[in-house]
Amino acid sequence: MLSGVAAAIRCDRRPPSSSASNQIPAVGSFELDEKTIAELQDAMKSGGLTARSVTEKYLSRIAAIDKQGPRLNSVIEINPEAPAIADALDAERKSKGPRGPMHGIPVLIKDNIDTADRMATTAGSLALEGSIARSDAFIVRKLRDAGAVILGKTNLSEWANFRSTHSSSGWSGRGGLTRNPYALDRNPCGSSSGSGVAVSANLCGVAIGTETDGSIVCPATTNGIVGIKPTLGLVSRSGIIPIAHSQDTAGPMARTVTDAAILLGAIVGVDPRDAVTQESAGKSFTDYTRFLDPDGLRGARIGVARKYFGFNDEVDRLMNEAIEVMKRSGAVVIDPVDLAPSKEYENSEIEVLLYEFKHDLNKYL
């Protein structure tokens, strides 16, 4: 899947020229705008930047446009220990060299993922306000071991959007409403809305989201970034406020496919606290960039669900352009494909989620 995305996507992340973008207050230039992990590592290697200076620049960016100005409201809490963590990683780089590609890279994580530090883990709910985890989630420990700087927690659709049939994407009682960085009055999509917006607006190097059903891929596409929902069992679920164990997983959110692949390699692994990860033993990799192939779409069969077209002429035009790019990249496009009515599986899914949510949340608590 990584290779196909790499071949197909040439993402123009400039703000659109539509009238909606005119609502965004003027924002000054940013030194780390669109910087990749590799570019940040090169700058830290040369001495032009340090983990501390990169961390401080992202914190200033958060203060300037997330908490003020356009007030994107994507970050629910800042890690007060982030500068000290960055200092320690800078000292380690000087004495031993970097641990790997994530060394010194600031990461924001969704506020349903446990951190055993001074930050709360609440799923955006006032019911859990002040809840401090006793231990890191497995993936947080993996990030720390990789040398990442945990910069803070991101806002989300409260309880990962499993709280109401009429909830609003990106809103939580604790964090308020996350706003789309391209059009402030538009939906940022949920539930990993804060992680998607924060990456898109250059508030961090990369971010972690979680998904049960669309909560990584929807905010990724809506905010013009790359998101991966890993196969169940590749990434541990322990220490993450759940919805349903049969569908939940955390995953990377980044500005490029390469950065998403790097982040994926940092968080995979077998966790004794999550038995399903045993199925990935010997099958996971610490470096997924080896699978990035510019010819990865050649021969891939891709179906086009035409029944979802027709609601907007401009969207249809962009979709058809993307389909032509995939064809030129060697994909075999099946157009159209006939999908079963979604209600046939949606009703079955919600029944499973309701039962698993009750069991899994009680187990987490």
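Out of the residues in segment 144-158 that are touching a strand residue (DSSP E or B) at 6+ places or on another chain (Cβ under 9 Å) and surrounded by fewer than 24 Cβ atoms within 10 Å (Cβ to Cβ), state the one that is farthest from ASN187 (Cα to Cα). Outline the logic, then answer.
As a first pass, look at segment 144-158 and keep what is touching a strand residue (DSSP E or B) at 6+ places or on another chain (Cβ under 9 Å): 144, 148-158.
With the extra rule that they be surrounded by fewer than 24 Cβ atoms within 10 Å (Cβ to Cβ), the set shrinks to 144, 150.
Numbers: ARG144: 32, ILE150: 26 Å.
Applying the filter and picking the extreme gives ARG144.
Considering the conditions (1) over 30 Å from GLU39 (Cα atoms); (2) in a loop (DSSP other than H, G, I, E, B); (3) open to solvent by less than 20 Å² (accessible area, probe 1.4 Å); (4) not basic (Lys, Arg), LEU297 is excluded by exactly one of them, (1).
Only a single criterion out of (1) of a type outside the set (A, V, I, L, M, F, W, C); (2) modelled with pLDDT of 95 or more; (3) open to solvent by less than 40 Å² (accessible area, probe 1.4 Å); (4) assigned to a helix (DSSP H, G or I) is not satisfied by SER3, namely (2). Looking across CYS218, CYS204, one residue alone is part of a helix (DSSP H, G or I) and either more than 21 Å from LYS358 (Cβ to Cβ) or under 9 Å from the mean Cα position of the chain (by Cα) (or both). It is CYS218. Every listed requirement among (1) acidic (Asp, Glu); (2) open to solvent by less than 50 Å² (accessible area, probe 1.4 Å); (3) closer than 28 Å to LEU108 by Cβ is met by ASP287 save one, (2).
For segment 46-66, taking the residues that are among the small types (Gly, Ala, Ser), under 15 Å from GLY205 (Cβ atoms) and surrounded by fewer than 20 Cβ atoms within 10 Å (Cβ to Cβ), the one that is farthest from the chain's Cα centre (by Cα) is identified as SER53.
One residue stands out among those in segment 42-69 that are out of contact with any helix residue (DSSP H, G or I) (no Cβ under 6 Å at 6 or more places or on another chain) and outside any helix (DSSP H, G or I): the one that is farthest from ALA86 (Cα to Cα), which is GLY69.
Is it the case that segment 305-313 has a residue that's over 30 Å from ILE241 (Cα atoms), touching a residue at least 24 places away in the same chain (Cβ under 8 Å), in a loop (DSSP other than H, G, I, E, B) and open to solvent by 50 Å² or more (accessible area, probe 1.4 Å)? Break it down stepwise before answering.
At the first step, the residues of segment 305-313 found to be over 30 Å from ILE241 (Cα atoms) are 305-313.
Okay, now just the ones that are also touching a residue at least 24 places away in the same chain (Cβ under 8 Å), so 305-307.
From what's left, in a loop (DSSP other than H, G, I, E, B): 305.
From the residues that got through so far, the ones that are open to solvent by 50 Å² or more (accessible area, probe 1.4 Å) too are none.
No - not one qualifying residue is present in segment 305-313.
The set of residues in segment 171-199 that are of a type in the set (S, T, N, Q) and in contact with a strand residue (DSSP E or B) (Cβ under 9 Å, 6 or more places away or on another chain) comprises SER172, THR178, SER191, SER192, SER193, SER195. Search segment 149-168 for residues being part of a loop (DSSP other than H, G, I, E, B) and over 15 Å from the mean Cα position of the chain (by Cα), and hand back the single one that is modelled with the lowest pLDDT. Here the answer is THR165. Restricting attention to segment 322-365, the residues that are over 30 Å from THR121 (Cα atoms) and open to solvent by 90 Å² or more (accessible area, probe 1.4 Å) total 7.
The residues on offer are ALA43, ALA38, ALA84, and the sole one that is farther than 16 Å from ALA207 by Cα and open to solvent by 30 Å² or more (accessible area, probe 1.4 Å) is ALA84.
If you scan segment 276-330, which residues turn out to be closer than 22 Å to VAL257 by Cβ and basic (Lys, Arg)?
Result: LYS283, ARG290, ARG298, ARG301, LYS327, ARG328.
Residues in segment 350-365 that are of a type outside the set (Asp, Glu) and part of a helix (DSSP H, G or I): ILE350, VAL352, LEU353, LEU354, TYR355, PHE357, LYS358, HIS359, LEU361, ASN362, LYS363, TYR364.
Just to be sure, is ARG71 open to solvent by 40 Å² or more (accessible area, probe 1.4 Å) and modelled with pLDDT of 95 or more? Judged against the criteria, ARG71 is a match.
Listed conditions (1) in contact with a His (Cβ under 6 Å, 6 or more places away or on another chain); (2) more than 16 Å from ASN79 (Cβ to Cβ) are all met by ARG93, apart from (1).
Which one of GLY190, GLY224, GLY196, GLY209 is modelled with pLDDT under 95 and either under 12 Å from the mean Cα position of the chain (by Cα) or open to solvent by less than 20 Å² (accessible area, probe 1.4 Å) (or both)?
Values: GLY224 fails: modelled with pLDDT under 95; GLY196 fails: modelled with pLDDT under 95; GLY209 fails: modelled with pLDDT under 95.
Going through GLY190, GLY224, GLY196, GLY209 in turn, just one is modelled with pLDDT under 95 and either under 12 Å from the mean Cα position of the chain (by Cα) or open to solvent by less than 20 Å² (accessible area, probe 1.4 Å) (or both): GLY190.
Within segment 94-143, the set of residues being over 16 Å from ASN155 (Cβ atoms), open to solvent by less than 40 Å² (accessible area, probe 1.4 Å) and of a type in the set (D, E, K, R) comprises ASP114, ASP117, ASP136.
Is it true that some residue in segment 278-294 is part of a loop (DSSP other than H, G, I, E, B) and at pLDDT below 95?
yes
Do we find a residue being touching a helix residue (DSSP H, G or I) at 6+ places or on another chain (Cβ under 7 Å), part of a helix (DSSP H, G or I), farther than 21 Å from THR256 by Cβ and of a type outside the set (Gly, Ala, Ser) anywhere in segment 97-117? No, that holds for no residue.
The values are calculated or read from the model by the stated rules, or taken from the named source; none is laboratory data. Because the structure is predicted, anything quoted here is derived from the model rather than measured. For neighbour counting, all protein chains shown are included, and Cβ atoms are generated from backbone atoms with ideal geometry for every residue, glycine included. Ligands, DNA and RNA are excluded from the accessible area calculation, which covers all protein heavy atoms including side chains. Shrake-Rupley method; radii C 1.70, N 1.55, O 1.52, S 1.80 Å.
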